[in-house]
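Chemist: Here it is, the structure, as structure tokens.
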Amino acid sequence: MSILGNIDLIKKKIPSRVKLVAVSKFHGETAVREAYDAGQRMFGESRVQEIEQKRNLLPADIEWHFIGHLQTNKVKAIVPYIQTIHSVDSRKLLQEIEKQASNAQKQVCCLLEIHIAQENSKYGFSFDSCRRLLNSEQCKELKFAYIGGVMGMATNTEDQDVIREEFRRLKKFFDEIKAEYYPQDNRFSEISMGMSDDYIIAVEEGSTLIRVGSSIFGHREY
Ligand SMILES: *Cc1c(COP(=O)(O)O)cnc(C)c1O
């Protein structure tokens, strides 16, 4: 199957309200261009060095999304062109994005990564720590970085019930914090959940933004 065929197939399986981020990590410029020529405009990368290299070779109207763990010292490099950072997983990172976005006089959409999987992971907020962040002055004072929603990754398991339950909890959490903190703010609107193996379940559970790599591009090129 071609990249074009893969994208068409995914689009047929999801409602038009759900946005598709094509995760192009480990795939070269040619693969990204093929997806671009098929009409795809949102691309996700998880490493700063890789996104920096590709971006310069590719059309300027691509909407770049950062989806991997981001070190604070790399924020400055990507802020001038990044549209959304899906993986905001600490206060320190959010603070640095605000600082660099202010320097660049640019709005940056930040999704708060929530740890929903059973696996131990160093990254992501718990529901409680996320609420503490939303209650803090730091959050109220944001002017250039804004909270556009939440992101989560389900446990890597064959058990669909476990995956479904985790996505369901994230959607419920989103609804609660939307009502509590952002009832009037339309920018707080995204639930980024669902990858190649679980995006159908994620969409059924309320995802607005899926991040799909291998089902579009195949397995890694390098
Ligand atoms: C790699 C990656 C994806 C895409 O994974 P696939 O299984 O290839 O679709 C989505 N989200 C994050 C955070 C990733 O690192």
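What follows draws every value from the coordinates through simple rules; no lab data is involved. Fair warning: this is a prediction, and the values are worked out from it, not measured in the lab. Don't worry about glycine lacking a Cβ; one is built from the backbone with ideal geometry, like all the others, and counts go over all protein chains shown.
Chemist: Hey, which of these cross-link pairs are over 27 Å Cα-Cα: LYS11/LYS54; LYS25/LYS140; LYS106/LYS171; LYS92/LYS143; LYS54/LYS171?
Modeler: LYS25/LYS140; LYS106/LYS171; LYS54/LYS171
Chemist: Return the calculated 222 nm mean residue ellipticity for the chain, to the nearest 500 deg cm²/dmol, obtained by summing -39500 (n - 2.57) across DSSP H runs with n ≥ 4 and dividing by the residue count.
Modeler: That calculation yields -12000 deg cm²/dmol at 222 nm.
Chemist: Give the share of C-alpha pairs in each 10 angstrom bin for segment 116-222, from 0 to the last occupied bin, in whole percents, shortest bins first.
Modeler: The calculated distribution, bin by bin, is 13, 42, 31, 12, 1.
Chemist: Quick check: Cα centre of segment 53-77 to Cα centre of segment 89-145, how many Å?
Modeler: Here the two parts' Cα centres lie 18 Å apart.
Chemist: What is the spin-label model distance, in nm, from LYS99 to HIS219 if the labels are put 7 Å beyond Cα along the C-beta direction?
Modeler: Simple spin-label model gives 4.2 nm for this pair.
Chemist: Enumerate the aspartates and glutamates that LYS74 could reach by cross-link, defined here as Cα to Cα under 15 Å, with residues fewer than 8 away along the same chain left out.
Modeler: GLU45, GLU50, GLU52, ASP89, GLU96, GLU98
Chemist: Taking the chain as a Gaussian network, where each spring joins two C-alpha atoms under 10 Å apart, which residue of GLU45, GLU96, GLU119 fluctuates the most?
Modeler: Greatest mean-square fluctuation among the candidates belongs to GLU119.
Chemist: List every DSSP H helix in the chain whose Cα atoms extend 24 Å or more along the helix's own long axis and whose mean Kyte-Doolittle hydropathy is at least 0.0.
Modeler: none
Chemist: Quick check on packing: order 158-171, 127-140 by the mean number of other C-beta atoms within 10 Å, highest mean leading.
Modeler: Result, highest mean first: 158-171, 127-140.
Chemist: Could you order the peptides 64-71, 18-25 from most to least packed, using the average number of other C-beta atoms within 10 Å per residue?
Modeler: Per-residue Cβ counts within 10 Å, averaged per peptide and sorted highest first, yield 18-25, 64-71.
Chemist: Per the Kirkwood formula on distinct C-alpha pairs, the Rh of the chain is how many angstrom?
Modeler: Result for the chain stands at 17.7 Å.
Chemist: Quick one: if you stick a label point 7 Å off each Cα along the C-beta vector at GLN184 and ARG17, how many nm between them?
Modeler: Going by the 7 Å Cα→Cβ label model, 2.4 nm.
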